[in-house]
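Here's the structure we're looking at; comments come further down.
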Amino acid sequence: MSIPTIKHVRAYVVRGGGADYHDQGDSHWIDDHICTPMSKYPEYCQSRQSFGINVLGSLVIEIEDSEGHVGLGVTTAGEIGAYIVEKHFARFLEGARVTDIEKLWDQMFNASLFYGRKGVVINTLSGVDLALWDLLGKVREEPVHVMLGGAVRDELQFYATGARPDLAKDMGFIGGKMPLQWGPAHGDEGLKKNIEKLAEMRSRVGDDFWLMFDCWMSLNVEYATRLAHAAQEYGLKWIEEALPPDDYWGYAKLRQQVPSTMMVTTGEHEATRWGFRMLMEMDCCDLIQPDVGWCGGVTELLKISALADAHGKLVVPHGSSVYSYHFVATRHNSPFAEFLMMAPQADKVVPMFNPLLLDEPVPVNGRLKISELDKPGFGVRLNPECKLHRPYTH
Ligand SMILES: [Mg+2]
C-alpha cells in the first residue's frame with residue numbers, strides 16, 4: 001500500500017474565543033474576579049485579562065497531505081506558536097508519511113529541547129500532534145478514538161466548570177467546579193467569603209452533587225490546607241491546582257494534609273511524561289488533569305495516562321473539548337470528562353471552542369454518546385467565518 005506524505009503545513013492565529021478560551025469579551029464569568037498568583041497586586045485582582053491571560057490567542061494548524069486530506073489542530077499559542085510551526089517544525093513534517101506520528105513527535109520535541117520543554121513550545125507541539133492524528137483519521141476514515149484502541153464505554157458523562165454549579169445541576173451534569181475568588185492576599189476575610197460561596201452552592205444543589213474549587217495556582221500550602229478543612233463540612237470533592245505547578249513538594253505535603261475524603265487534583269499546566277512523572281512519583285495528587293492541547297498532544301497523553309494507570313491515578317483531561325473526548329472514551333482510568341461552560345453567565349451549554357469549530361459536539365443532559373464522535377479524525381471543521389491570520393510562511 002502507498003502511504004500519503006505531508007505536503008504543506010500552515011499555521012494561523014485567531015482572536016476571540018476558540019482554543020484560547022480566556023480570550024472573551026466583557027462581562028464573562030471567566031474573567032470576573034478569579035483568584036490567581038497575580039491577585040496580590042490590587043490592580044490585577046479583578047480581571048485576568050488585565051495581566052494578559054488572553055495575550056496569546058488561538059493557534060490553528062493545518063497539515064495537508066499528498067492526496068488532499070487536511071488535518072486540523074488547535075491550541076493556545078498564538079503568533080509565537082505560528083512562528084515555531086512555520087520556521088522550525090515544518091521541516092520535519094513536510095515530506096514525512098502521515099503515519100510517522102511517533103517519530104515526528106520525537107523530532108519536534110528534541111529539536112526544540114534547548115528552548116522548549118514546557119509552556120508555549122509544548123502547546124505548539126501539541127497542536128501539531130492533534131493535526132497529525134486528525135489527518136491520519138481522515139486518511140484512514142476512522143475516528144481518533146478508534147485509532148486509540150476503541151471506546152470502552154457507550155457514552156461520556158461530564159462535570160461542568162463555571163460560575164454556576166446550581167444551573168449545571170439543572171442541566172444534567174454530575175458536578176460543578178467553581179473558580180476560587182479569594183486568595184492569601186485577602187486574608188481570613190477572603191477565606192470566609194470562599195466558604196460562604198461554597199455553602200451557598202451546597203444549599204442550592206443538595207448533598208449528592210459534586211462541588212469542587214479550581215484555585216488556578218493561586219494558593220500556598222498553609223492556605224490551601226485551611227481552605228480544604230473548612231470546606232470539608234460542605235462536601236468539597238476536590239481542591240484543584242491549589243499551588244504553582246513547579247511546587248511538587250508543596251503538592252505532596254498538601255495531599256497529606258487535606259481531609260482523607262477530599263481529592264487533590266492538578267496538572268493542567270504540566271507537560272510531558274517527565275512532568276507528570278514528578279507529580280506521580282512524589283504522590284502530589286489523586287487525579288491528574290493534563291490538557292491534550294498543552295501537555296504534548298494525544299501521543300504524549302497516552303504515555304502520561306499509562307504512567308497514571310500504573311500509579312493508580314485517575315486521568316481527567318482539562319477542557320479541550322473533542323480533543324479530550326476521543327481519548328477519554330478509550331481509557332478505563334478516565335471515568336468522566338470536564339465541560340467548560342463558555343456561555344458568559346454559565347447558564348447554558350455552548351460549544352467549548354465557540355466560535356472556532358463547526359460540528360463540535362456538546363453534552364446533552366450532561367452526557368455525550370460516543371456515536372456522536374464517529375466521524376473521521378476528531379470530526380470537527382474550522383468555522384469559515386473566523387478570520388484566520390497567517391503571520392509567517394516558510
Ligand atoms: Mg483548572
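Rule-based calculations on the coordinates, nothing more; no lab input. Keep in mind that what you see is a predicted model, and the values were worked out from it rather than measured. With ideal geometry, Cβ positions are generated from the backbone for all residues, glycine too; neighbour counts draw on all protein chains shown.
Which one, P355, S334, H311, is farthest towards the positive end of the dipole of segment 297-385 when Lys and Arg carry +1 and Asp and Glu -1 on their Cβ?
Sorting the options by dipole projection puts first H311.
Arrange F327, F51, F339, F92 by Cβ neighbour counts within 10 Å, fewest through most, would you? Write out the running numbers ahead of the final one.
On the way: F327 24, F51 16, F339 27, F92 19.
Placing the least packed residue first, the sequence is F51, F92, F327, F339.
What does the C-alpha gyration tensor say about the overall shape of segment 20-173? Classify as rounded when a/c is under 1.5, otherwise prolate if a/b is larger than b/c, or oblate. Intermediate values should be presented prior to the final figure.
Details: a/c = 2.62, a/b = 1.39, b/c = 1.88.
It comes out oblate by the Cα gyration axes.
If you take every DSSP beta bridge fully contained in the chain, what fraction is antiparallel? Give it as a percent rounded to 5.
Details: 23 of 46 bridges.
Here the antiparallel bridges make up roughly 50 percent for the chain.
Going by how many other beta carbons lie within 10 Å of each one, how would you line up S27, S126, fewest first? Provide the component values of the computation, followed by the final result.
Values: S27 9, S126 34.
Ranking S27, S126 by Cβ neighbours within 10 Å, fewest first, gives S27, S126.
Read phi for every residue in segment 229-236 and hand back ³J(HN,Hα) as whole Hz from Karplus 6.51 cos²θ - 1.76 cosθ + 1.60, θ = phi - 60°, with x for Gly and Pro.
With the stated coefficients, segment 229-236 comes to 5, 5, 7, 4, 4, 9, x, 5 Hz.
Restricting attention to segment 218-314, which GluC sites (Glu not before Pro) occupy a DSSP loop and are surrounded by at most 16 other Cβ atoms within 10 Å?
Values: sites: E222, E233, E240, E241, E268, E270, E281, E300; in loops: E233, E241, E268, E270.
Here the sparse-neighbourhood loop sites are E233.
Which percent, nearest 5, of DSSP beta bridges in segment 147-375 are antiparallel? Don't skip to the end; give the middle numbers.
Values: 4 of 26 bridges.
Approximately 15 percent, going by the DSSP bridge assignments.
With +1 on the Cβ of every Lys and Arg and -1 on the Cβ of every Asp and Glu, and nothing else charged, how large is the dipole of segment 147-375 about its Cα centre, in debye rounded to the nearest 20?
Numbers: 22 positive and 31 negative charges, 42 e Å.
I would put it at about 200 debye.
Return E142, E360 ranked ascending by Cβ neighbour count within 10 Å, so the fewest neighbours appear first. Working shown, then result.
On the way: E142 15, E360 20.
Result, fewest neighbours first: E142, E360.
Of K303/K369; K169/K197; K118/K387; K138/K387, which pairs sit farther than 18 Å apart, going by alpha carbon to alpha carbon? Don't skip to the end; give the middle numbers.
Values: K303/K369 26 Å; K169/K197 16 Å; K118/K387 28 Å; K138/K387 24 Å.
Correct reply: K303/K369; K118/K387; K138/K387.
Convex hull over the Cα atoms of segment 326-394, averaged projected area in nm²?
Details: hull surface 28.5 nm².
One quarter of the hull surface, i.e. the mean projection, equals 7.1 nm².
Rounded to whole Å, give me the distance from the Cα center of segment 27-66 to that of segment 247-282.
Result: 24 Å between the Cα centres.
Measuring from the lowest to the highest alpha carbon on each principal axis, how far does the chain reach, largest first, in angstroms?
Result, largest extent first: 64, 43, 42 Å.
Please give the calculated 222 nm ellipticity per residue for the chain, where each DSSP H segment of at least 4 residues contributes -39500 (n - 2.57) and the sum is spread over every residue; nearest 500 deg cm²/dmol?
Values: 12 runs with 126 residues, N = 394.
Theoretical 222 nm ellipticity from helices: -9500 deg cm²/dmol.
Sort segment 147-375 into rounded, prolate or oblate with this rule: let a ≥ b ≥ c be the square roots of the eigenvalues of the Cα gyration tensor; rounded if a/c is under 1.5, and if a/c is not under 1.5, prolate when a/b is larger than b/c, oblate otherwise.
Details: a/c = 1.88, a/b = 1.20, b/c = 1.56.
Taking the square roots of the gyration eigenvalues as a ≥ b ≥ c, segment 147-375 is oblate.
Spelling out what I want: for every residue of segment 194-209, take phi, set θ = phi - 60°, compute 6.51 cos²θ - 1.76 cosθ + 1.60 (Karplus), and round to whole Hz; glycine and proline get x.
Each residue's phi maps through the Karplus curve to give 4, 5, 4, 4, 4, 4, 5, 5, 4, 5, 7, 9, x, 6, 8, 6 Hz.
If you bin every alpha carbon distance in segment 172-286 into 5 Å steps from zero, what whole percent lands in each bin?
2, 12, 24, 24, 18, 12, 6, 2, 0
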